[in-house]
Amino acid sequence: MELTTETIQALAKIMSAEKLTSLALDQGNLKIEMKRESGLTFTGEATSCEPQITITAPQPPQDLPVIAETPEVSNNAEWKEIKSPMVGVFYQSSQPGKPPYVTKGQHFADGDTLCIIEAMKLMNEITAETAGTIMEVCVSNGQVVEFGQVLYRIVED
């Protein structure tokens, strides 16, 4: 391809017809880059862009069932809480598919592993500081727990 005025005019016509703002052509030792303004001009007139807001009255509920949220906190004064010592992911067993370390109603001894909390890719075993019986498991397997969140409610021996 030779660089002639006809070639440049043809490229300019293509840019105009296709509404292009730039065109680049590279064929070996021939490189052409053409740019033009977008054709948008500022008229200096401001237009109002106020948002259209529509307010509708709230609709009454459509016979939805009422679900009462009742916390599973026991009022039993004998129950003690075992809380998470760290933020992490709670696991009831050492591996998926294995039985949990402890379940509701199960007796455990001082030093027994109750669960694992994964924090920063480290598996931290949470062990019992006293013997007792699990009365309630308060979190589910794989759940993210916060520092101080109740994991178990127990009755000490």
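None of the figures in this text is laboratory data; all of them are computed from the coordinates on show. Here the structure is a predicted model, which means the values were calculated and not measured. Counting neighbours? That spans all protein chains shown, and the Cβs are built from the backbone with ideal geometry, glycine included.
Arrange the following residues from fewest to most other Cβ atoms within 10 Å of their Cβ: Ser16, Ser94.
Listing Ser16, Ser94 from fewest to most nearby Cβ atoms yields Ser16, Ser94.
Which number do you get for Rg(Cα) / (2.2 N^0.38 Å) in the range 79-156?
0.99
Using the Karplus equation 6.51 cos²θ - 1.76 cosθ + 1.60 (θ = phi - 60°), what ³J(HN,Hα) coupling, rounded to whole Hz, does each residue of the range 21-31 give in order, writing x for Gly and Pro?
9, 8, 8, 10, 10, 9, 10, x, 8, 9, 10
Would you please name the trypsin sites (Lys or Arg not before Pro) within the range 85-157 that are DSSP coil residues with at most 10 other C-beta atoms within 10 Å of their C-beta?
Passing sites in the range 85-157 are Lys121.
Please list, in order along the range 149-155, the HN-Hα scalar couplings obtained from phi with the Karplus expression 6.51 cos²θ - 1.76 cosθ + 1.60 (θ = phi - 60°), rounded to whole Hz, x for Gly and Pro.
Coupling constants for the range 149-155: 6, 6, 9, 9, 10, 10, 10 Hz.
Give me the lysines in straight-line cross-link reach of Lys104: C-alpha distance below 30 Å, same-chain residues under 8 apart excluded.
Counting by Cα, and skipping residues close in sequence, Lys104 has these lysines nearby: Lys80, Lys83, Lys121.
His107 to Ser140: FRET efficiency via 1/(1 + (r/R0)^6), r the Cβ-Cβ distance, R0 25 Å, to the nearest 0.05?
Approximately 0.70, to the nearest 0.05.
Can you put Glu81, Glu6 in order, fewest other beta carbons within 10 Å first?
Neighbour counts put them in this order, fewest first: Glu6, Glu81.
Provide Thr4, Thr21 in ascending order of the number of other Cβ atoms located within 10 Å of each residue's Cβ, fewest first.
Thr4, Thr21
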